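Reading through the structure tokens given below for one structure.
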Amino acid sequence: MQTVPNHQVDNLQIEDDRTGLSVECLKRAFLDNLFYVQGKFPKIATKNDYYMALAYTVRDRLLQRWINTAVIYTDRASRTVSYLSAEFLMGPHLGNNLVNLGIYDQVKQAVSELGLDLEDLLEQEEEPGLGNGGLGRLAACYLDSMATLEIPSLGYGIRYEFGIFDQDIRDGWQVEITDKWLHCGNPWEIARPEWAIYVRLGGHTEAYTDERGRYRVRWIPFQVIKGVPHDTPLLGYKTNTANTLRLWTAEAPESFDFAAFNSGDYLGAVQEKMVSENLSKVLYPNDDSSQGKRLRLAQQIFFVSCSLQDMIRIVFGQNVPLEKFHEKFVVQLNDTHPAIAVAELMRLLIDEHDMGWDQAWSITQKSLAYTNHTLLPEALERWPISLFGELLPRHLEIIYEINYHFLEEVKAKFPADSDRLRRMSLIDESGEKYVRMAHLACVGSHSINGVAALHTKLLQQDVLRDFYQMYPEKFNNKTNGVTPRRFIVLSNPRLTNLISSKIGDNWVKNLKDLKHLEAFVDDPEFCSQWRSIKSAIKQDLVAYIQKQNGITVNPDSIFDIQAKRFHEYKRQHLNALHIITLYNRIKANPDIDITPRTFIFGGKAAPGYYMAKLIIKLINSIGDVVNNDPDVRDRLKVVFLKNYSVKFAQRVYPAADLSEQISMAGKEASGTGNMKFALNGALTIGTLDGANVEIREEVGEENFFIFGLTAPEVYALKARGYRPLDYYHSNRELKAVIDRIASGHFSHGDTKLFKPLLDSLLYRDEYLLFADYQAYIDCQDYVSQVYRDRDRWTRMSILNVARMGKFSSDRSIHDYCQDIWNIQSVPIELGECIQAKE
Ligand code: 6GP
């Protein structure tokens with residue numbers, strides 16, 4: 001900034017070229033970028049060239065705000081949230097930036113005057129799929145809300161070269177294809193090689209005495225990796241705040257090992273470069289499960305160390321003493337993936353910055369806060385001590401010392417309770433020794449939160465019970481939320497316009513304002529507009545399905561959608577059992593009067609999760625039979641939409657009539673898809689799990705289809721001894737469904753194909769599908785009946801939307817700011833930086 005004289009920044013010409021928002025100016029800027037950035041002219045430009053030209057045009061308009069924001073944060077040394085997350089599932093940037101800049105319509109007009117279609121250009125963007133599902137998407141919603149609420153924040157993560165795999169379906173099976181999201185370049189990021197950071201790995205430690213006679217430890221690493229930050233501006237909705245997403249790429253410190261190079265060992269010299277770059281190569285494609293792989297631990301320390309060192313650089317740059325690190329930054333740990341931050345911040349403060357243990361520990365605890373996102377035991381990260389010590393020898397020593405002090409504390413609070421010490425230790429010593437990352441996060445943080453009221457309660461009672469008894473004051477709940485900008489304004493313009501025509505557009509920033517819609521619930525004209533919008537959106541999806549899957553779908557049928565990662569606890573196969581139940585009813589009585597339904601599924605399975613992949617195959621196999629059986633007469637259709645992604649989700653949520661949220665109670669921490677569906681006017685069929693509980697509370701029980709066992713009932717049934725076979729033998733419809741699958745009806749007579757799945761249900765049924773089957777079927781029958789009363793359904797749909805205000809991520813972020821972060825907003829005036837300099 002300093003190098004640009006003020007009069008030039010103020011100057012109208014720069015306004016016109018880079019910042020102007022009029023249609024004329026946007027057109028000129030677009031052609032300018034096509035020429036000077038893409039090096040093309042219209043006659044030979046590809047669609048991607050046009051997309052890039054538009055993206056740069058929009059980025060220019062972000063930059064003005066981004067730089068202003070950075071100047072103000074720097075000048076004021078503003079308190080800042082660092083959101084550390086191994087995943088950020090941002091979704092495409094272009095459309096969201098147009099919405100947040102408030103120039104969607106101008107840009108649409110500008111490109112159309114140039115003979116182009118904005119929707120076409122939006123389609124062109126490769127989404128950065130740098131996350132698996134819930135946790136990564138939540139991080140993205142939170143960044144949007146922090147910018148919108150003008151909260152200084154930095155998102156820190158990894159710039160994976162390959163994000164979540166692309167999913168193809170071949171012969172009904174999921175096939176994974178590498179995601180080359182960067183192959184056409186990424187117009188949204190700016191690399192900052194000048195802020196590169198070095199991270200050490202492996203080797204050993206040595207004790208020594210420093211010049212002041214103190215005991216010190218020196219770490220001699222085996223390997224050093226260079227982290228290069230790539231920054232993406234994230235603009236808030238109709239504010240000037242543009243915060244930063246800073247993602248790290250791994251590189252070898254030097255491109256060549258010259259010694260090896262000179263001795264003629266060219267490949268050996270390049271070897272190190274390849275090994276280093278592997279670190280940020282690929283996102284681990286597991287959702288809610290951890291496998292203890294060395295590369296994964298290396299990724300974690302890599303991005304955490306880069307980020308903490310970067311924060312320390314900023315602290316020094318703003319003349320804040322390091323003793324006040326926790327006043328400048330609050331660091332939110334998105335699950336345990338960044339929990340190594342506890343040991344790394346201690347190491348940086350003590351070994352690199354000469355601080356004493358007690359002070360370093362106090363700063364660490366005050367800076368860090370931990371969010372837990374799962375109740376699944378297989379997702380709780382633990383690292384074998386041998387692997388951990390080999391990669392992070394110094395961190396292991398620090399963890400042992402933290403553990404020593406911690407267990408002393410536990411002993412003082414709970415004397416003579418050795419079993420408790422064993423349970424709470426940072427080291428699991430029951431067999432092979434492990435470092436328990438959730439314990440490390442709990443001990444090293446000042447706040448521990450769950451993501452929905454029920455989830456937080458279950459953490460306190462069960463998964464983290466000992467820690468709750470030890471530190472009750474650290475625990476708090478922060479129910480998840482989703483951003484209404486991406487998930488209504490951008491993805492559902494028709495509903496957005498209808499809502500705004502009635503209640504103004506304040507609701508986009510204050511989602512609670514949606515409650516004013518209740519005044520129109522008895523207005524027949526409004527209801528009929530509501531219905532025709534849903535119907536038009538369903539028509540669009542019908543066309544898409546026709547094109548993608550070649551399946552003809554009835555737009556008047558219930559669009560019954562389950563879109564989320566495939567996992568047994570989420571019970572997509574319970575949904576499948578319902579489909580077969582209806583199919584069996586039709587086969588038994590072809591003239592039966594049933595409400596037509598289209599069952600739509602979307603979602604990926606972890607590549608190594610066999611059972612989840614078999615469930616995908618089952619759904620596709622059911623579709624092949626049901627969709628083509630003349631007896632069904634188009635009353636049922638089963639559609640699997642491949643390659644579910646954020647881009648795709650935006651198309652799917654608005655079209656849903658019914659949202660399937662049917663996890664076994666006590667397993668889904670919160671869910672956020674449940675919120676996105678309801679916000680778009682779908683009704684929910686769900687268990688009392690995660691945030692479903694709170695959604696039902698808000699929308700009213702008469703507007704929510706609830707079924708199934710509650711979490712306490714689940715525990716009680718399991719404690720009594722659950723026997724799925726009993727349900728199979730005593731429930732006629734259930735038995736017929738299972739027998740139908742077993743007979744090979746959906747597998748061309750092959751009775752072996754689905755046997756592993758059937759056996760798991762008949763003999764274990766860990767997620768209690770059979771126990772919930774009848775309640776689910778009854779509830780679905782009720783749904784079908786209610787759907788026939790169109791007025792009633794519409795009313796329920798309107799009331800759902802009107803009462804979803806609580807589930808804005810703005811509300812969540814507001815609560816984090818108040819209860820955990822202790823941070824205030826910093827409004828950004830455009831041009832203030834220039835005035836400030838004068
Ligand atoms: C998910 C939870 O499964 C989901 O219920 C929740 O809504 C979401 O996090 C956001 O809080 N968990 C993960 O994605 C995960 O990987 C370790 O947890």
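The values are calculated or read from the model by the stated rules, or taken from the named source; none is laboratory data. Worth saying up front: this structure is predicted, and the values here are computed from it rather than measured. Counting neighbours? That spans all protein chains shown, and the Cβs are built from the backbone with ideal geometry, glycine included. Side chains are part of the model used for accessible areas, which takes the heavy atoms of the whole protein and leaves out ligands, DNA and RNA. Shrake-Rupley method; radii C 1.70, N 1.55, O 1.52, S 1.80 Å.
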field: Some residue of the range 273-295 being within 16 Å of the ligand (Cβ to nearest atom), assigned to a helix (DSSP H, G or I), under 22 Å from TYR156 (Cα atoms) and open to solvent by 20 Å² or more (accessible area, probe 1.4 Å)
entry: no
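Each row is one residue, and each column tells you yes or no for (1) within 30 Å of THR80 (Cα to Cα); (2) in a loop (DSSP other than H, G, I, E, B); (3) touching a Pro at 6+ places or on another chain (Cβ under 6 Å); (4) open to solvent by 10 Å² or more (accessible area, probe 1.4 Å).
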| site | (1), (2), (3), (4) |
| --- | --- |
| LEU758 | no, no, no, yes |
| ASP781 | no, no, no, yes |
| TRP793 | no, no, no, yes |
| SER797 | no, no, no, no |
| LYS806 | yes, no, no, yes |
| ARG811 | yes, no, no, yes |
| HIS814 | yes, no, no, yes |
| GLN818 | yes, no, no, yes |
Count of the range 369-393 residues which are among the β-branched types (Val, Ile, Thr) and buried (at least 19 other Cβ atoms within 10 Å of the Cβ): 2
message: Considering only the range 169-180, I want to know if a residue exists there that is at pLDDT 95 or above, surrounded by fewer than 15 Cβ atoms within 10 Å (Cβ to Cβ), acidic (Asp, Glu) and in a strand (DSSP E or B).
response: no
- request: Please tell me if ILE615 is in contact (Cβ under 8 Å) with a residue 24 or more places away in the chain and either open to solvent by less than 10 Å² (accessible area, probe 1.4 Å) or touching a Gly at 6+ places or on another chain (Cβ under 6 Å) (or both).
  value: yes
message: I'd like to check something: does the range 327-345 contain any residue that is touching a residue at least 40 places away in the same chain (Cβ under 8 Å), within 16 Å of the ligand (Cβ to nearest atom) and of a type in the set (Lys, Arg)?
response: no
statement: Filtering the range 394-412 down to residues that are aliphatic (A, V, I, L, M) and either surrounded by fewer than 17 Cβ atoms within 10 Å (Cβ to Cβ) or under 17 Å from GLU344 (Cα atoms) (or both) yields LEU396, ILE398, ILE399, ILE402, ALA412
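Conditions (1) on the phi > 0 side of the Ramachandran plot; (2) hydroxyl-bearing (Ser, Thr, Tyr); (3) surrounded by fewer than 23 Cβ atoms within 10 Å (Cβ to Cβ), marked per residue:
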| residue | (1), (2), (3) |
| --- | --- |
| ALA53 | no, no, no |
| TYR56 | no, yes, yes |
| ILE67 | no, no, yes |
| ILE72 | no, no, yes |
| ASP75 | no, no, yes |
| SER78 | no, yes, yes |
| LEU84 | no, no, no |
| PRO92 | no, no, yes |
message: Quick check on my filter: what residues within the range 697-724 are part of a helix (DSSP H, G or I) and of a type in the set (S, T, N, Q)?
response: ASN703
- request: Residue by residue through the range 120-148, note down the ones that are open to solvent by 10 Å² or more (accessible area, probe 1.4 Å), under 21 Å from ASN449 (Cα atoms) and more than 10 Å from the ligand (Cβ to nearest atom).
  value: ASP144
field: Options ARG585, ARG651: the member that is within 28 Å of TYR284 (Cβ to Cβ), open to solvent by 10 Å² or more (accessible area, probe 1.4 Å) and either in a helix (DSSP H, G or I) or not assigned by TED's automatic domain parsing to the domain that holds ASP689 (or both)
entry: ARG651
message: Condition check: surrounded by 19 or more Cβ atoms within 10 Å (Cβ to Cβ), on the phi < 0 side of the Ramachandran plot, in the same structural domain as GLN785 (by TED's automatic domain parsing) and within 16 Å of the ligand (Cβ to nearest atom). Does PHE601 satisfy that?
response: no
Scope the range 626-649; condition within 16 Å of GLY172 (Cα to Cα) and of a type in the set (S, T, N, Q); matching residues: ASN627, ASN628, ASN643
- request: Please find, among ALA453, ALA438, ALA416, ALA369, the residue that is of a type in the set (Gly, Ala, Ser), on the phi > 0 side of the Ramachandran plot and either more than 16 Å from the ligand (Cβ to nearest atom) or under 29 Å from the mean Cα position of the chain (by Cα) (or both).
  value: ALA416
- request: Say whether the condition of being of a type outside the set (Phe, Trp, Tyr), within 16 Å of the ligand (Cβ to nearest atom) and open to solvent by 10 Å² or more (accessible area, probe 1.4 Å) is met by at least one residue in the range 296-305.
  value: yes
message: Could you go through the range 197-218 and let me know if any residue there is hydrophobic (A, V, I, L, M, F, W, C), touching an Asp or Glu at 6+ places or on another chain (Cβ under 8 Å) and open to solvent by 20 Å² or more (accessible area, probe 1.4 Å).
response: no
